[in-house]
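A quick write-up on the structure given underneath.
Read-outs: derived from the displayed coordinates by stated rules, not from any lab. If you're wondering where the values come from, they're calculated on a predicted model, not measured in any experiment. Ideal geometry is used to build each Cβ from the backbone, glycine not excepted, and the neighbour counts take in all protein chains shown.
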Amino acid sequence: MFTTRKATIADCALIQKLAQQTFPVTYRDILTPEQIAYMMEWMYAPANIRRQMEEEGHVYLLAYDACEAAGYVSVQQQGDDLFHLQKIYVLPSYQGAHCGSFLFREAVRYIKEVHPSSCLMELNVNRYNKALHFYEHMGMRKLREGDFPIGNGYYMNDYIMGMEL
């Protein structure tokens, strides 16, 4: 049985450690090693995680199996009635154990807690990411797609998926 807790600034190194174990595995067949390294620094350097939390309004929830961190999700409010699920990653050893669906439901619960009226939750997912089917299973649908420049000549080639909450 999984539990969650809201991450604090003191958890930046833990989030980075979890990302190092999940992000490269997720994208090794989709992105070049150079782009993965660039994105790891861009998104997961502790200073950048801290900036996301303190300046950009990202709320990280950490999933635990007993005392072991198993994954994380990050949610950011982007408009009056719009939330973006920025990140959701589960350690490979917990994939298939329903930790991802647990984290997804916890993100929805958090959004409903801070925004009781109806709103839209969106997320970006790489068009070749096998998690696309997971998000559809969780009730999301494709809204649009785009190629988003992230710097250094790299792009995120994503579907933007959404669901009404």
Test set (1) of a type in the set (Val, Ile, Thr); (2) in contact (Cβ under 8 Å) with a residue 24 or more places away in the chain; (3) surrounded by 15 or more Cβ atoms within 10 Å (Cβ to Cβ) - VAL25 fails condition number: (3)
Residue check, GLN77 over 21 Å from LEU132 (Cβ atoms), in a strand (DSSP E or B) and touching a residue at least 24 places away in the same chain (Cβ under 8 Å): yes
Flag for PHE83 being out of contact with any Phe, Trp or Tyr (no Cβ under 7 Å at 6 or more places or on another chain), among the aromatic types (Phe, Trp, Tyr) and not in a helix (DSSP H, G or I): yes
Condition broken by ASN126, with the remaining ones in (1) in contact (Cβ under 8 Å) with a residue 60 or more places away in the chain; (2) more than 25 Å from TYR38 (Cβ to Cβ); (3) touching a helix residue (DSSP H, G or I) at 6+ places or on another chain (Cβ under 9 Å) satisfied: (2)
Hits in the range 32-74 (condition: over 13 Å from the mean Cα position of the chain (by Cα), touching a residue at least 60 places away in the same chain (Cβ under 8 Å) and crowded, with 19+ Cβ neighbours inside 10 Å): MET39, ALA70
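Results for (1) in contact with an Asp or Glu (Cβ under 7 Å, 6 or more places away or on another chain); (2) of a type in the set (Asp, Glu); (3) under 16 Å from TYR110 (Cβ atoms); (4) part of a helix (DSSP H, G or I), shown as yes or no for each residue.
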| position | (1), (2), (3), (4) |
| --- | --- |
| LEU31 | no, no, no, no |
| ILE36 | no, no, no, yes |
| GLU41 | no, yes, no, yes |
| ASN48 | no, no, no, yes |
| GLN52 | no, no, yes, yes |
| VAL59 | no, no, yes, no |
| ALA63 | no, no, yes, no |
| TYR72 | no, no, yes, no |
